[in-house]
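The values are calculated or read from the model by the stated rules, or taken from the named source; none is laboratory data. Quick caveat, the model's predicted, so the values are computed rather than measured. Note that we place each Cβ from the backbone using ideal geometry, even for glycine, and neighbour counts take in every protein chain shown. The protein model used for the area step is the full one, side chains on, heavy atoms only, and it has no ligands, DNA or RNA in it. Shrake-Rupley method; radii C 1.70, N 1.55, O 1.52, S 1.80 Å.
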Amino acid sequence: PCLRYETGGGWREFSDTITPEESLHVLFEGRERTLLAFPMDLLFLAVGHALLEWCGDDEQPELVEQTPSRIVLQSVSRPAMVPAQACAPMQAEEVLAGMQDFLDLEGRWDHTGCFHRMAVFHRPSARFVHRTEDIGRHNCIDRVSGWMLAKQVNPAECALFISARATASLMDKMARAGFPLVISRSAVTERAVG
């Protein structure tokens, strides 16, 4: 139960959904970071975070230990990825239709206004193959990267649809993840396109 002040009407009671936010401690080869995140699919988040922030090109994270609030990962050799299929450029109509489909996907952001969303569009099959939501934009790309590594999906064959503004730091992380195409419904910063 919440109270909202409305001009001319005073205080009004209403029900609202409050989003849980929990700490996740990620440990990887002597490094440690605490991530604040929505408490679901946390292994994808931890693996993707370690992959994008700490791993070199020839290594990937592997699970050692997991508790509800702590994930320990170690470095292992990264196998070569299957070469990407050649993909034709996306046409404007395909981008617009994809964005509409992306926005129409039901999710947590519909009920709280507290979530960012990303979805992986597999270009050869012309369909969305994965969607994730979290309270943080960077958490979303970490989750996507962890999922793609687990499923062995080549990001070079995909476009990434995002709900968040595309800042330089987020664009850098999406490029490190291997996405050749990012489509945002929101604003882009000058440094992000530089």
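Within segment 169-193, track down each residue that is charged (D, E, K, R), open to solvent by 40 Å² or more (accessible area, probe 1.4 Å) and assigned to a helix (DSSP H, G or I).
Passing the criteria: Asp172, Arg176.
Is one or more of the residues making up segment 11-21 under 18 Å from the mean Cα position of the chain (by Cα) and closer than 28 Å to Pro180 by Cβ?
no
Just to be sure before I move on: is Ala166 crowded, with 19+ Cβ neighbours inside 10 Å, among the small types (Gly, Ala, Ser) and at pLDDT below 95 in the structure I sent?
When the stated conditions are applied, Ala166 passes them.
Between a residue in segment 32-59 that is assigned to a loop (DSSP other than H, G, I, E, B) and any residue that is surrounded by 15 or more Cβ atoms within 10 Å (Cβ to Cβ) and not aliphatic (A, V, I, L, M), which pairs come within a Cβ distance under 6 Å, given they are 6 or more apart or on different chains?
Partner pairs satisfying both residue conditions: Phe38/Asp134; Trp54/Phe28; Asp58/Arg78.
Against the definition (open to solvent by 20 Å² or more (accessible area, probe 1.4 Å) and either at pLDDT 95 or above or within 23 Å of Pro39 (Cα to Cα) (or both)), how does Arg117 come out, yes or no? So that I can check it myself, show each step before the final result.
Numbers: open to solvent by 20 Å² or more (accessible area, probe 1.4 Å): no; either at pLDDT 95 or above or within 23 Å of Pro39 (Cα to Cα) (or both): yes.
So Arg117 does not fit the description; no.
How many residues are among the acidic types (Asp, Glu) and within 17 Å of Arg137 (Cβ to Cβ) if we restrict to segment 1-45? Even if it seems obvious, please write down each step before you answer.
If we filter segment 1-45 for residues that are among the acidic types (Asp, Glu), which is where we start, we get 6, 13, 16, 21-22, 29, 32, 41.
Checking which are within 17 Å of Arg137 (Cβ to Cβ) leaves us with 21, 41.
The qualifying residues number 2.
So, in segment 1-31, exactly how many residues are part of a loop (DSSP other than H, G, I, E, B) and modelled with pLDDT of 95 or more?
Total meeting the criteria: 2.
Please count how many residues of segment 60-103 are part of a loop (DSSP other than H, G, I, E, B), of a type outside the set (Gly, Ala, Ser) and open to solvent by 90 Å² or more (accessible area, probe 1.4 Å).
Qualifying residue count for the region: 6.
Need the failing condition index for Lys173 against (1) over 14 Å from the mean Cα position of the chain (by Cα); (2) more than 19 Å from Gly98 (Cβ to Cβ); (3) among the charged types (D, E, K, R), just the number.
The single condition Lys173 does not satisfy is (1).
Quick one: Gly56 ticks every box in (1) within 17 Å of the chain's Cα centre (by Cα); (2) of a type outside the set (Lys, Arg); (3) over 23 Å from Phe128 (Cα atoms) bar one, so which box is it?
(1)
Among the residues that make up segment 147-157, is at least one of them closer than 22 Å to Leu42 by Cβ, open to solvent by less than 60 Å² (accessible area, probe 1.4 Å) and under 12 Å from the mean Cα position of the chain (by Cα)?
Yes, because at least one residue in segment 147-157 is closer than 22 Å to Leu42 by Cβ, open to solvent by less than 60 Å² (accessible area, probe 1.4 Å) and under 12 Å from the mean Cα position of the chain (by Cα).
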